[in-house]
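Novice: Next up is a structure, given as structure tokens.
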Amino acid sequence: MALAAMFMMVPSPFGAVDYRAGAPMILLTLFALGILCVDLFLPASRKQYSAAPALLGLFAAGLATHEIQRVLPANGDALRGFFGIILVDPLAVYFFYLFLVGAALSILISVKYLEIERENHGEFYALLLACVVGMMCMAAGNDLVMLFIGLELMALSSYILVGFLRGNKRSNEAALKYLLLGAFSSAILAYGLSLFYGVSGTTNLAVLCDALTQRMEANPHDPIVLLAMLGVLAGMLFKIAAVPFHMWAPDVYEGAPTSVTGFMSVSVKAAGWAMMLRVLLFGLAPLRALYVPTLVFVALATLLVGNLAAITQHNLKRLLAYSSISHVGYMLLGLVASDGVTSRTGIKGILFYLLAYTFMNLGAFTVLTSLRRRNIAGDDIEDIAGLMQKAPMEAICMLIFLLSLAGIPPFAGFYGKYFIFLSLIETGHYALATVAVLFSVVGLYYYLRIANAMFVRTPATSEPVTVAAGVNLALIFSAAATIVIGLLPNIFIRAVDWSVSVLGPSVAQLR
Amino acid sequence: MYNHILSIILFTPLVGAFVLLCIPGSNKTAIRWTANFFGFLGFAVSLPLVSWFWAVKSLPGFKFMEGAPNSWIPTIGAGYYLGIDGISFLLIMLTTFLGAISILSSWSAIDNRVKEYYAWFLVLQTGMLGVFMSLDFFLFFVFWEAMLVPMYLLIGIWGGPRRVYASIKFFLYTLFGSVFMLLAIIFLYFFHHAQTGVFTFSILELYKTAPLLPAVYGPTAAVLLFLAFFVGFAIKVPMFPFHTWLPDAHVEAPTAGSVILAGVLLKMGTYGLIRFSLPLFPAVVHYPRLRLAMVTLSIIGILYGALVSLVQKDMKKLVAYSSVSHLGFCTLGIFTLNTLGLQGSVLQQINHGISTGALFLIVGILYERRHTREIAEYGGIGTVMPVYATIALIMFLSSMGLPLLNGFVGEFAILQATFLARPVWAAWAVPGVILAAAYLLWLYQRVFFGKVENPKNAALPDLTPRELATLLPLVALAFWIGLYPRPFFAILDQPSKEIVEMVEHPKTYNAAQPLKAAQVAQSAVESTPEAVR
């Protein structure tokens, strides 16, 4: 690549492999900085033009990721770069694509929304790209420090994005809340990571794994390891908004600009999962017996709180916030069932779930974005009433997203839940499977409340719903993806199979 | 066409739904004509199947098979795999037939959001047909669940005053049952893999390993799995005590929705019992206590449904509760576990679709004119609408099981089969027939006989030609089955025998094929006759 060659002119210890592995992140960083520079010269009325280079940057990063994907099989199972602190394997590539698609859809729906909110600034797109860079570091990080830096980069960018509506009190409040709680959780995470460094003397995940194996053999209930593990778990569970670290989610989701909420609920969450899988399945694999009971408790609490709290919500963004909490509960059950070595089904379930979730949840937020009109907030259940009469296409798309979220076949979301249930039955967790399916019935209820409002009730206001071109594109793309993944899931299951191929026996090879 | 007849029948309504979407919503007449065209076309494309099926009716196994196992999602072993036997054949014909009639009956009843209505209705048709055709559990489950969505919207948008409550209740109840079924299906899928090393959802394959369950996991696990399926089907049928969604859904649904709900949707439950519960769990259905429980629930359903019908003030609710009673006969026939009982049960399902479908149409016609279903509001309708009263009388008599009409044939076969299985059961079930006569004749008397007391009823117009066109085919069928049911029994003979054979002597993988639990399998087959006693 020309870019990598340019870098290699400078004497450095890094070679082509390093740049190839880091290319998506490097490209996105350059585009983000470029957007900031260009933004200086754009007149105030043209700020939305920055969306174009942002999309271009995502596309370029997508090409770079595809390049990695192309060389992966020939090059062992992973590309390592920068002294092994990043490890781009099929799992990371899968997440790269998820982040890129999620960010691109979010940009498409942001342009018009920010215009209505009169907060159209180029920084928005630069921050979004920076956020994606952080996420990629989380997915590809093979080193505790790298993972932490990625997490912080993502978190800092998202704090600002949440508070992007400067004139809006709720947005400011949400950002402050997120910042305070986020900083707190990052501190706990950093404490846990430092303890792991203390007990193993390394920050490399593979070496840490070996060190922990020895330590656990010596003392299976080592209190320091336990403390470190709880700290790390707490930090990561905060990012994916699992109970009891979910308190921030409804407020932040409600206060943030709707397009950012969509991005947060999909991509930021996926990044949290990427780090969680990376840390728990690679670095902390020897501690599995310790963390699984914790995860069972967290998963059940998450399902309970997420599903029950969603029932009573009137604000659609809060409702979807609680519903996204409950989805994390299902995914956690996949991690409970499968350790990635003896059974991979649960991990497949998580990955497939995140894929489906990217489209169906972002799609739902796309519809909410289009409800935002001149003087209508567009996030109350009243605002969506009678949508079928006003904008039938949107209502049908929303119905597809809701049914998919509820796990009704033949939509994408069904397969996410299906693989989770499959993994639970496969590994003999019958009681957990029963609880999980019962919660999916509860889940249907609150999605049907939205569907009822759209289809059965009459519109509350006569204000028409007009859909901007970008929003329309995002909407059709998400709906089409939700249906296609549902009807022809085979190729997507194969992709997931490919990305979990790094787990299991081949984990040993990676070390 | 011969090789793809099932796919053609399956997707014709769906194509119709998409065609409807292309017509502007303001042009109601065009939409109605198009919808009726596709409703009729859906029935027309299923007609060739009649003669083709008749020719192969006594061949064993499934016919008109299409697709292959594992062809749809090879990575998980799900296939687009269709096929029918006599049981599914009759239910498919019933579906296409009632679908066409229901769409015709909606012409003037639905005036609001017409395009959406017909589109959802046609989607519903495809969903229901898929359930009866699938030979793959995954495909079956997809149709089973997907079909709920259009029905939910039909009740929710075009229903009565409490439609929101009724539609959500319907959806949640059915989903509640089917999620357990999903878990049980997944369990059987893994069990099949453990026995044979193959991951597949093909029903024909699972038939060969599921009967080994009690031998490998013990009777308790097998009973739990049976119950997981049973809950899903029993809610759909609905069997007592899972019936509480039915009166709400029926009363609130628009007339055509009620016809399809009673005529076809409920049959999905009984179909599931016959197609899955019996052959997959042959040992379990023989456990005396479990079988007694099933029969008891059926008999309670028969008597309870009839007694509750007696006291209804709302005509539609009365017909709805009478469904609980009639479906009780159907499930009773299934759990006699003999050929005659199964034949009678399926025939009675068809009869119920015809008679109760007609009763809902009859109630709907009156409702369209007066906008009330209170029995007390009526009286003396016979003098105002004589043609209507005559047809109503025929269908009332058919529903209560008068000889020469269809209801009698099915009920008689079921009761005869029950008597063969256990005379006491038959004795308990027979009062249901008498009670049916009581509630139906009493209803008829209150609505049609006497003088016109209520001035609003004085000038009601008699049936329009369109309404006549929806009812006459049903009347004709009622007489046909009542006078000459032999073709129906001939079609049902082979599949019933096969299912009884699968229940009595399950054909599992034997020692010739690589099988881990070969020995236990043998012991399972041997232990079956003991359980019968």
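Novice: Output the qualifying pairs, or none if there are none: Cβ atoms under 9 angstrom, residues six or more apart or on different chains, first residue in region A:132-145 and part of a helix (DSSP H, G or I), second residue surrounded by 24 or more Cβ atoms within 10 Å (Cβ to Cβ) and among the basic types (Lys, Arg).
Specialist: Close Cβ pairs satisfying both conditions: A:138/A:239; A:138/A:278; A:139/A:278; A:140/A:278.
Novice: Looking at the structure I just gave you, is residue B:430 over 29 Å from the mean Cα position of the chain (by Cα), aliphatic (A, V, I, L, M) and modelled with pLDDT of 90 or more?
Specialist: On the way: over 29 Å from the mean Cα position of the chain (by Cα): no; aliphatic (A, V, I, L, M): yes; modelled with pLDDT of 90 or more: yes.
The answer is no for residue B:430.
Novice: Looking only at region A:452-466, which residues are more than 8 Å from chain B (Cβ to nearest Cβ) and open to solvent by less than 30 Å² (accessible area, probe 1.4 Å)?
Specialist: A:453, A:454, A:465
Novice: Looking at A:418, A:445, can you tell me which residue is within 10 Å of chain B (Cβ to nearest Cβ) and open to solvent by 50 Å² or more (accessible area, probe 1.4 Å)? Walk me through it before giving the result.
Specialist: Values: A:418 fails: open to solvent by 50 Å² or more (accessible area, probe 1.4 Å).
Every option except A:445 fails the conditions.
Novice: Surrounded by 23 or more Cβ atoms within 10 Å (Cβ to Cβ) and more than 18 Å from residue A:388 (Cβ to Cβ): which single residue out of B:158, B:144 fits that description? Can you show your working first?
Specialist: Numbers: B:158 fails: more than 18 Å from residue A:388 (Cβ to Cβ).
When all the criteria are applied, what remains is B:144.
Novice: Restricting region B:71-85 to residues that are within 9 Å of chain A (Cβ to nearest Cβ) and open to solvent by 10 Å² or more (accessible area, probe 1.4 Å), which is nearest to the chain's Cα centre (by Cα)?
Specialist: B:72
Novice: Can I ask one more? Of all residues in region B:336-384, how many are without any contact (Cβ under 8 Å) to a residue 60 or more places away in the chain and closer than 22 Å to residue B:282 by Cα?
Specialist: Number of matching residues: 0.
Novice: Report, by residue number, each residue of region B:144-160 that is at the interface with chain A (Cβ under 10 Å from one of its Cβ atoms) and free of Cβ contacts under 8 Å to residues at least 40 places away in the same chain.
Specialist: Correct list: B:145, B:146, B:148, B:149, B:152, B:153, B:156.
Novice: Regarding region A:73-89, can at least one residue be identified that is closer than 23 Å to residue A:348 by Cα, assigned to a helix (DSSP H, G or I) and open to solvent by less than 30 Å² (accessible area, probe 1.4 Å)?
Specialist: no
Novice: I want to confirm something. Restricting to region B:161-176 and keeping residues that are of a type in the set (Val, Ile, Thr) and facing chain A (nearest Cβ under 8 Å), which single residue is most open to solvent (accessible area, probe 1.4 Å)? Working first, answer last.
Specialist: Filtering region B:161-176 down to residues of a type in the set (Val, Ile, Thr) leaves B:164, B:168, B:174.
Cutting the leftovers down to facing chain A (nearest Cβ under 8 Å) gives us B:164, B:168.
Values: B:164: 61, B:168: 19 Å².
So the residue we want is B:164.
Novice: I'm told residue A:406 meets every condition in (1) within 23 Å of residue A:335 (Cβ to Cβ); (2) open to solvent by 10 Å² or more (accessible area, probe 1.4 Å); (3) within 11 Å of another protein chain (Cβ to nearest Cβ) except one. Can you identify the failing condition by its number?
Specialist: So the condition that residue A:406 fails would be (2).
Novice: Okay, moving on. If I ask for residues that are open to solvent by less than 10 Å² (accessible area, probe 1.4 Å) and under 19 Å from residue A:317 (Cα atoms), which ones from region A:134-179 would you list?
Specialist: A:158, A:161, A:162, A:165, A:171, A:174, A:178
Novice: Inside region A:50-63, can you point out the residues that are of a type outside the set (S, T, N, Q) and in contact (Cβ under 8 Å) with a residue 60 or more places away in the chain?
Specialist: Pass one, region A:50-63, residues of a type outside the set (S, T, N, Q): A:51-63.
Residues satisfying the conditions are A:51, A:53, A:54, A:57, A:58, A:61.
Novice: For region B:377-419, what are the residues that are of a type in the set (Gly, Ala, Ser) and in a helix (DSSP H, G or I)? Step through it out loud before you land on a result.
Specialist: In the first step, residues of region B:377-419 are kept if they are of a type in the set (Gly, Ala, Ser); the result is B:379-380, B:382, B:389, B:392, B:398-399, B:401, B:407, B:410, B:413, B:417.
Within region B:377-419, B:382, B:389, B:392, B:398, B:399, B:407, B:410, B:413, B:417 qualify.
Results for (1) surrounded by fewer than 24 Cβ atoms within 10 Å (Cβ to Cβ); (2) touching a Gly at 6+ places or on another chain (Cβ under 7 Å), shown as yes or no for each residue.
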site: A:184; (1), (2): yes, no
site: A:194; (1), (2): yes, no
site: A:204; (1), (2): yes, yes
site: A:207; (1), (2): yes, no
site: A:216; (1), (2): yes, no
site: A:235; (1), (2): no, yes
site: A:247; (1), (2): yes, no
site: A:254; (1), (2): yes, no
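Novice: Out of region B:76-95, which residues are farther than 20 Å from residue B:142 by Cα and among the small types (Gly, Ala, Ser)?
Specialist: Within region B:76-95, B:86 is the sole residue that qualifies.
Novice: For residues that are touching a Pro at 6+ places or on another chain (Cβ under 9 Å) and closer than 30 Å to residue B:74 by Cβ, scanning just region B:214-231, find the one that is surrounded by the fewest Cβ atoms within 10 Å (Cβ to Cβ).
Specialist: Only one residue fits best here, namely B:221.
Novice: Which residue, of A:476, A:425, A:485, is open to solvent by less than 20 Å² (accessible area, probe 1.4 Å) and either more than 9 Å from chain B (Cβ to nearest Cβ) or over 21 Å from residue B:175 (Cα atoms) (or both)? Working first, answer last.
Specialist: Values: A:476 fails: open to solvent by less than 20 Å² (accessible area, probe 1.4 Å); A:425 fails: either more than 9 Å from chain B (Cβ to nearest Cβ) or over 21 Å from residue B:175 (Cα atoms) (or both).
Result: A:485 is the single residue among A:476, A:425, A:485 that is open to solvent by less than 20 Å² (accessible area, probe 1.4 Å) and either more than 9 Å from chain B (Cβ to nearest Cβ) or over 21 Å from residue B:175 (Cα atoms) (or both).
Novice: Looking only at region B:107-147, which residues are of a type in the set (A, V, I, L, M) and not in a helix (DSSP H, G or I)? Don't jump to the end; show me each part of the working.
Specialist: Residues of region B:107-147 that are of a type in the set (A, V, I, L, M), as a first pass: B:109-110, B:114, B:119, B:122-124, B:128-129, B:131, B:133, B:135, B:139, B:142, B:146-147.
Once the filter is applied, which keeps residues that are of a type in the set (A, V, I, L, M) and not in a helix (DSSP H, G or I), region B:107-147 yields B:109, B:110, B:135, B:147.
The values are calculated or read from the model by the stated rules, or taken from the named source; none is laboratory data. Computed from a prediction, not measured in an experiment: that's the story for all the values here. Here the Cβ is made from the backbone with ideal geometry for all residues, glycine too, and neighbour counts use every protein chain on show. Protein only, heavy atoms only, side chains kept; ligands, DNA and RNA dropped before computing areas. Shrake-Rupley method; radii C 1.70, N 1.55, O 1.52, S 1.80 Å.
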